[in-house]
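Trainee: Sharing a structure below in structure tokens format, with a few things to ask.
The values are calculated or read from the model by the stated rules, or taken from the named source; none is laboratory data. Just so it is clear, the model here is predicted, and its values are computed rather than measured. With ideal geometry, Cβ positions are generated from the backbone for all residues, glycine too; neighbour counts draw on all protein chains shown. Please note that ligands, DNA and RNA were not included when accessible areas were found on the heavy atoms of the full protein model with its side chains. Shrake-Rupley method; radii C 1.70, N 1.55, O 1.52, S 1.80 Å.
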Amino acid sequence: MRIIFLGLAGAGKGTQAKVAAEHMGVAFVSSGDLFRFHQAEGTPLGLLAKGYMERGELVPDDVTIKMILERIGQEDAKKGFVLDGFPRTLRQAGALDRALKEGGIDAALYVKVREEELVRRLSDRVSCRRCGTPYQKELLDAQGVRKCPSCGGELYQRPDDQPEVVRRRLQVQRPEIASLVGYYASQGKLTEIEGEQGVEGVAREVSRALSKYASPAKTKRAIS
Ligand code: AMP
């Protein structure tokens, strides 16, 4: 089972992709998380990616494709995976199809959210330095929460979630998402998900879309 999530920054696709991978018992692979991991470790790949990420631009295809294909070749991804943030270009999508053979991915879920809502969400977003989970700052402030509720890690605003960079990221991502949506729609693999109905509502819609790939027990749990 090989699923990808498409959507602009802040659409909530990372959160949904993680939940879907857990429910389906397959690997969760996020290109952004992998780049942030390499940066934190100070690897050559991390150093290379840093400048692009800080400017809200895409890291070059060659290194990104290599990183993801290596990751999905690992043991835990053999029975399947959910990809978050990859592919982001048609070249990446083509490379993924060629690497997977046997008809490529099974499904592409496009989480749709209006851009004004995305800017609002991202400018209020903080993320955990340790586990990467994103939160709305306003909600945490209202509850007096200062540390990551799931792991206790430090919360910070990602440098690329600052308003100027957010605008640049959306500008870069807009045409690319449109071409990927067209690419997977033409293969009959695309499902659009209404992304403005709250996390639970989106998760239910995702679960329905993926139900044909999961065992009945898992699907039921994913919906409840
Ligand atoms: P994300 O966490 O998905 O918002 O990604 C953060 C940043 O990582 C992006 O703004 C890009 O600079 C880089 N990045 C993540 N995924 C890709 C990708 N598939 N292709 C190129 N750059 C990427």
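Trainee: Can you classify the range 125-197 as rounded, prolate or oblate using the Cα gyration tensor, where a ≥ b ≥ c are the square roots of its eigenvalues, rounded means a/c under 1.5, and otherwise it's prolate if a/b beats b/c and oblate if not?
Mentor: Prolate, because a/c is 1.5 or more and a/b exceeds b/c.
Trainee: Still on this structure: Compare the Cα positions of Gln143, Pro175, Ser207 along the charge dipole of the range 2-219 (+1 at Cβ of Lys, Arg; -1 at Cβ of Asp, Glu; about the Cα centre) and return the one farthest towards the positive end.
Mentor: Of the options given, the answer is Ser207.
Trainee: Taking the Cβ of Glu41 as the centre, find all other residues whose Cβ is under 13 Å away and add up their charges (Lys, Arg: +1; Asp, Glu: -1).
Mentor: With Lys, Arg at +1 and Asp, Glu at -1, the neighbours total +1.
Trainee: For Lys78, Lys212, give the ranking by accessible area with the largest first, probe 1.4 Å.
Mentor: Greatest to least solvent exposure: Lys212, Lys78.
Trainee: Which value, in Å², gives the accessible area per residue of the range 48-96 when a 1.4 Å probe is used on the protein heavy atoms?
Mentor: Per residue, the range 48-96 has 46 Å² of solvent-accessible surface.
Trainee: What is the extension gain from Lys101 to Gln197, computed as 0.36 nm multiplied by their sequence separation minus the C-alpha to C-alpha distance, in nm to one decimal?
Mentor: Additional length available on full extension: 31.0 nm.
Trainee: Below 8 Å between Cα atoms, with a sequence gap of 6+, how large is the relative contact order for the chain in percent?
Mentor: Relative contact order, the chain: 29 percent.
Trainee: Further, regarding this structure: Compute the Rg to Rh ratio over the chain from the alpha carbon atoms, using the Kirkwood formula for Rh, and round to two decimal places.
Mentor: That ratio equals 0.94.
Trainee: Write out the trypsin sites (Lys or Arg not before Pro) in the range 89-151 meeting two conditions: DSSP loop, and at most 13 other Cβ atoms within 10 Å of their Cβ.
Mentor: Taking the range 89-151 and a limit of 13 other Cβ atoms within 10 Å, the loop trypsin sites (Lys or Arg not before Pro) found are Lys101, Arg114, Arg146.
Trainee: Please report, to one decimal in angstroms, the Kirkwood hydrodynamic radius of the range 1-110 built from all distinct Cα-Cα pairs.
Mentor: Evaluated on the range 1-110, it is 14.2 Å.
Trainee: Follow-up question, since we're still on this one. Taking 0.36 nm per intervening residue step and subtracting the Cα-Cα distance, what contour gain separates Glu75 from Lys212 on full extension?
Mentor: Full-extension gain reported as 46.9 nm.
Trainee: Kindly provide the helix-only [θ] at 222 nm of the chain, computed as the sum of -39,500 (n - 2.57) over DSSP H runs of four or more divided by all residues, to the nearest 500 deg cm²/dmol?
Mentor: Roughly -16500 deg cm²/dmol at 222 nm, from the helical runs in the chain.
Trainee: Mean separation of Cα pairs under 8 Å and 6+ residues apart, divided by the residue count of the range 10-104: what relative contact order is that in percent?
Mentor: Across the range 10-104, relative contact order equals 34 percent.
Trainee: Using 22 Å as the Cα-Cα cut-off, could you pick out the over-long pairs in Lys50/Lys112; Lys79/Lys189; Lys50/Lys79; Lys18/Lys78; Lys78/Lys212; Lys50/Lys101?
Mentor: Lys50/Lys112; Lys50/Lys79; Lys50/Lys101
Trainee: Between Glu154 and Asp33, how many nm apart are label points set 7 Å from Cα along the C-beta direction?
Mentor: The modelled label-to-label distance comes out at 2.1 nm.
Trainee: Oh, and also: Which order do the peptides 30-36, 81-87 come out in when sorted by mean C-beta neighbours inside 10 angstrom, highest first?
Mentor: The most tightly packed comes first, giving 81-87, 30-36.
Trainee: Take the solvent-accessible surface of the protein heavy atoms, probe 1.4 Å, and return the percent of it on the chain that carbon and sulfur atoms account for.
Mentor: Exposed carbon and sulfur together represent 53 percent of the surface.
Trainee: Next up: For Cys131 and Arg168, FRET efficiency with R0 = 25 Å and r from the beta-carbon atoms, rounded to 0.05?
Mentor: 0.45
Trainee: Can you tell me what share of the DSSP beta bridges in the range 2-219 is antiparallel? A percent to the nearest 5 is fine.
Mentor: Taking every DSSP beta bridge within the range 2-219, about 25 percent pair in antiparallel fashion.
Trainee: Follow-up question, since we're still on this one. When ligands, DNA and RNA are left out and all protein chains stay put, how many square angstrom of accessible area per residue does the range 122-214 have with a 1.4 Å probe?
Mentor: 56 Å²
Trainee: Hey, another quick one. Between Arg120 and Asp61, what FRET efficiency follows from the Cβ-Cβ distance if R0 is 30 Å, with the result rounded to 0.05?
Mentor: Calculated value: 0.45.
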